[in-house]
Structure formats: structure tokens, C-alpha cells
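Structure record follows, encoded as C-alpha cells.
The values are calculated or read from the model by the stated rules, or taken from the named source; none is laboratory data. Bear in mind that the values here come from a model prediction, so they are computed numbers and not experimental data. Neighbour counts are summed over all protein chains in view; Cβ atoms, including those assigned to glycine, are modelled from backbone coordinates with ideal geometry.
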């Protein structure tokens with residue numbers, strides 16, 4: 001048994017763009033829920049918008065609120081009806097838990113739950129609608145956690161969400177052995193997509209971005225890199241593929257104009273997967289005739305449904321390396337510096353992990 005305190009430290013959002021480290025009550029798990037001691041939580045690219053109040057009233061719906069959803073930790077207590085997990089199990093979490101009974105959930109598409117935002121149905125979105133992991137402890141439903149093997153550290157397991165988002169997009173694309181893939185936007189999602197595409201059998205992965213990220217991509221395994229500040233990226237990708245184009249183009253930036261670039265990079269019958277999340281209101285003209293005549297597929301991709309166990313197995317087996325993606329770590333008390341480092345890419349920051357309880361296995 002673990003000694004559970006009455007109070008815990010947490011990064012509490014007190015209003016749009018304001019937060020502080022507070023002592024708050026440790027939550028109590030309900031039926032089919034577990035209380036987890038957070039070992040490590042990574043800053044996601046969506047978190048700055050949440051903490052700075054860019055989506056106030058939606059994410060989060062109200063204040064005070066605790067954000068954070070890319071986490072790993074240890075179960076220290078469980079509620080009624082928990083049968084497949086035990087106190088002491090190390091687990092990685094994900095943000096989404098569908099209602100479980102709508103049509104989409106029954107089809108396994110719980111990140112597209114038709115009861116999104118209706119907690120009375122059982123829906124949860126941790127770190128966005130429900131309190132998350134920038135805290136020493138948090139409660140999660142058992143459907144939102146996956147067991148960790150002992151050889152996978154919390155720092156690595158906190159990357160499970162990022163890798164899972166990339167893997168879901170690649171599964172939608174149907175990556176085939178020997179194909180050529182373009183990754184547009186070498187941020188954390190793009191880097192993981194590059195690594196996973198190679199692990200899934202892609203013969204060539206071309207990464208499009210700018211310095212210094214494309215240099216990092218080259219070091220982490222990209223076959224070719226294209227600096228869009230130095231050339232026309234579509235022409236260069238076409239040149240690298242002898243004008244055939246790529247089988248799959250992964251849009252991982254969400255920047256205006258990149259969707260059209262991905263479309264033009266694709267070979268006939270190719271696929272574009274949209275992994276990057278654009279800002280609200282961003283639209284883009286699509287060359288409809290070009291898409292139709294070349295039978296291109298354009299796929300949206302949301303979050304990481306049904307892939308956490310696959311990602312953990314890939315990490316545990318060494319098929320994908322994620323530790324090298326974590327460039328900085330901070331204790332919870334230094335969360336301000338952690339966010340500043342992440343948002344401003346201080347020291348080449350890629351992924352930043354916060355340790356709410358002081359270290360890897362605390």
C-alpha cells in the first residue's frame with residue numbers, strides 16, 4: 001500500500017493566461033478509476049494555447065483547472081470495479097475516454113465520441129475538459145491507461161501520446177513497405193512520424209522544414225531533408241522522387257499553405273494525412289480537379305485511438321527511440337521555465353518533460 005497525502009502540489013490555471021503552483025486536495029478514484037502518482041508529464045504543442053487562455057471557456061471549460069495529458073506514472077489506489085490493474089502497476093495515459101456506448105465508440109473511434117463534452121455519459125478528455133497531469137496525482141478511468149514494462153522509463157512513456165498521434169495517422173494512410181513518405185513539419189509529431197514510417201517499412205522518408213529542425217531530423221534518421229526557406233519544397237520533393245511524387249505526405253505543422261504543398265508532392269493515387277492542427281478559422285483552397293484526376297486521398301487524423309499498446313511495445317523493443325526526443329526536464333516547481341523553454345525552443349528544445357514528484361521513479 002502507498003501512503004497517499006491529503007494534499008498535493010499542482011499547476012493550477014486560475015484564469016486565462018494565469019497559473020500558480022498550489023496545494024490542492026488529492027482526488028479520489030471512483031468506480032473503474034485509478035489514482036495515479038504522476039512520474040513524468042510532457043508538454044504538448046496544444047498545451048500553451050490551453051494555459052495561455054486561447055481556448056478559455058472550451059479548453060478548459062472553467063477555472064480553476066489542471067492541464068496536462070502526456071503522462072506516465074504509477075497506480076497508488078483504485079476504485080470499485082477495477083479488475084485488470086493493480087496498485088503498483090506502472091502505466092502510461094492518454095487524453096481521451098469515450099462514453100463507450102455511442103456509435104463511434106462502439107466502432108473503436110472513441111476520440112470522435114458523439115457524446116464529447118457530456119460527462120454524465122461517461123465521456124472524459126483529460127487535460128482539456130477534465131483535470132490532467134500537471135500535478136503530483138490525478139484520477140483516470142481504466143480505459144485511458146496502458147501498462148508499462150519496467151524497462152520503459154517515465155520520460156520515454158510520456159512520449160506515448162506524441163508517438164501515438166503519429167502512429168494513428170500512419171495507420172490511416174496504410175503505410176506499405178518500400179514506399180516513399182514526405183513529412184512536412186519536423187516538430188515532435190513530425191519527428192515521431194518520421195521514425196515510425198521507417199519502422200513500418202518506408203524505404204525513404206523526406207522531411208520538409210527549416211533549420212535547425214531539419215538538421216535534427218537528419219541526425220534522427222531522415223533520408224533527405226528539404227529546407228523550404230532555400231527552395232520551393234514541392235519542386236525539390238518532386239526532384240528527389242524523379243517527378244513521381246511520394247506515396248504519403250504527412251502534414252504535421254498546421255501552417256497555412258502546407259496542405260496544398262502536400263497535395264502537390266503526392267504521386268497519383270497518393271494520400272495526404274493531416275496530423276498538424278491549424279488555428280481556428282484557417283482555410284485553404286484545394287485544387288479540386290487535380291485531386292480528382294489523380295485520385296488523391298486527404299485524411300484528417302485526431303489523437304491516438306487504439307495505439308498506446310503498440311507504441312509501448314515499439315518503445316520497449318527498441319524499434320523506435322524516443323528518449324533522444326526529450327531534450328529538457330524540469331521539476332513541477334519550475335513549470336514557468338519549462339513552458340518558456342518549450343515555447344521558445346531554448347537550447348533546441350524538442351520535448352520538455354516535467355517531473356511532478358521529483359524524478360524518474362519517485
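Data for the structure
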| item | result |
| --- | --- |
| Residue count, the stretch 34-56 (criterion: crowded, with 24+ Cβ neighbours inside 10 Å and within 23 Å of residue 120 (Cα to Cα)) | 2 |
| For residue 22: the one exception among (1) in contact (Cβ under 8 Å) with a residue 12 or more places away in the chain; (2) surrounded by 12 or more Cβ atoms within 10 Å (Cβ to Cβ); (3) under 25 Å from the mean Cα position of the chain (by Cα) | (3) |
| Residues located in the stretch 330-348, provided they are surrounded by fewer than 18 Cβ atoms within 10 Å (Cβ to Cβ), at negative phi and outside any helix (DSSP H, G or I) | 331, 344 |
| Qualifying position, being at positive phi and touching a helix residue (DSSP H, G or I) at 6+ places or on another chain (Cβ under 8 Å), among 81, 100 | 100 |
| Residue 271 being under 18 Å from residue 198 (Cβ atoms) and either at pLDDT 95 or above or assigned by TED's automatic domain parsing to the domain that holds residue 224 (or both) | yes |
| Residue in the stretch 184-196 that is in contact with a helix residue (DSSP H, G or I) (Cβ under 7 Å, 6 or more places away or on another chain) and free of Cβ contacts under 8 Å to residues at least 60 places away in the same chain present | yes |
| Answer residue from the stretch 294-318, given it is within 13 Å of residue 152 (Cα to Cα) and in contact (Cβ under 8 Å) with a residue 24 or more places away in the chain and is surrounded by the most Cβ atoms within 10 Å (Cβ to Cβ) among those | 311 |
| Conditions (1) under 30 Å from residue 348 (Cβ atoms); (2) surrounded by 14 or more Cβ atoms within 10 Å (Cβ to Cβ): number failed by residue 282 | (2) |
| Residue match in the stretch 96-113 (condition: within 16 Å of the chain's Cα centre (by Cα), within 30 Å of residue 358 (Cα to Cα) and either in contact (Cβ under 8 Å) with a residue 40 or more places away in the chain or in the same structural domain as residue 335 (by TED's automatic domain parsing) (or both)) | yes |
| Which numbered condition residue 235 misses (of (1) free of Cβ contacts under 8 Å to residues at least 60 places away in the same chain; (2) crowded, with 18+ Cβ neighbours inside 10 Å) | (2) |
| Verdict on residue 182 being in contact with a strand residue (DSSP E or B) (Cβ under 9 Å, 6 or more places away or on another chain), surrounded by 24 or more Cβ atoms within 10 Å (Cβ to Cβ) and within 21 Å of residue 275 (Cα to Cα) | yes |
| Qualifying position, being surrounded by fewer than 13 Cβ atoms within 10 Å (Cβ to Cβ), within 19 Å of the chain's Cα centre (by Cα) and at negative phi, among 268, 323 | 323 |
